[in-house]
Amino acid sequence: QVQLVESGGGLVQAGGSLRLSCAASGRTFSSYTMGWFRQAPGEEREFVSAMDWSGATYYTDSVKGRFTISRDKSKNTVYLQMNSLSPEDTAVYHCAAAPGLQVRLPSSYTYWGQGTQVTVSS
């Protein structure tokens with residue numbers, strides 16, 4: 001059974017940092033694109049960042065320079081380092097795995113985690 005399990009969320013003050021982890025099990029995702037999405041209450045799921053099989057990285061404009069995605073293929077784990085957090089970053093963060101390269105489209109992703117809550121206070 002394939003599972004993606006996020007961890008590392010929490011409550012942080014504006015300007016602080018968090019590091020999210022996504023541990024995958026049930027199969028190897030070394031050839032997959034691994035992505036992070038977020039969803040705030042009442043909002044649609046939004047692309048945040050992704051890393052494809054080659055190591056190329058992608059970010060939405062609002063997080064460029066603040067967030068860094070990385071992955072450890074040996075551990076089947078992907079990370080999202082989030083710095084300089086602002087209240088606008090408050091959302092449930094989901095990791096996901098996609099077999100292709102349409103990295104910004106939620107519909108491209110086959111597997112999803114349950115999400116981890118990130119709350120940034122002002």
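Give me the Kirkwood hydrodynamic radius of the chain in Å, from all C-alpha pairs, to one decimal place? This gives a value of 14.1 Å. Treating r as the C-beta distance of Thr110 and Ala14 and R0 as 41 Å, the FRET efficiency rounds to 0.75.
Overall shape: oblate for segment 28-72, with the ratio a/c of the largest to smallest alpha carbon gyration tensor axis at 1.5 or above and b/c at least equal to a/b.
Among the protein heavy atoms of the chain, carbon and sulfur supply 47% of the accessible surface, probe 1.4 Å, non-protein parts ignored. Just check segment 2-60 against the gyration tensor rule for me: Cα atoms, a ≥ b ≥ c as the square roots of the eigenvalues, rounded for a/c under 1.5, and otherwise prolate or oblate depending on whether a/b exceeds b/c. Taking the square roots of the gyration eigenvalues as a ≥ b ≥ c, segment 2-60 is prolate.
Annotation for segment 1-89: GluC sites (Glu not before Pro) lying in DSSP loop with at most 12 further Cβ atoms inside 10 Å of their Cβ are Glu43, Glu44.
In the context of the full set of protein chains, the chain has a per residue accessible area of 50 Å² (1.4 Å probe).
Set the Förster radius R0 to 30 Å, insert the Cβ-Cβ distance between Leu101 and Gln39 as r into 1/(1 + (r/R0)^6), and round the FRET efficiency to 0.05. Computed FRET efficiency for Leu101 and Gln39: 0.85.
Under the combined filter of DSSP loop state and at most 13 neighbouring Cβ atoms within 10 Å, segment 21-86 retains these trypsin sites (Lys or Arg not before Pro): Arg27, Lys64.
What shape does segment 54-106 have by the C-alpha gyration tensor, where a ≥ b ≥ c are the square roots of the eigenvalues, rounded means a/c under 1.5, and otherwise prolate means a/b greater than b/c and oblate the rest? Here segment 54-106 falls in the prolate category.
Each residue, Asp72 and Thr60, gets one label point 7 Å from its Cα in the Cβ direction; the gap between the two is 2.7 nm.
The values are calculated or read from the model by the stated rules, or taken from the named source; none is laboratory data. As the structure is a computational prediction, the values presented were derived from the model and not from experiment. Because the Cβ atoms are built from the backbone with ideal geometry, glycine has one as well, and the counts that use them run over all protein chains shown. When the accessible area is computed, the model is the full protein with side chains, heavy atoms only, and any ligands, DNA or RNA have been set aside. Shrake-Rupley method; radii C 1.70, N 1.55, O 1.52, S 1.80 Å.
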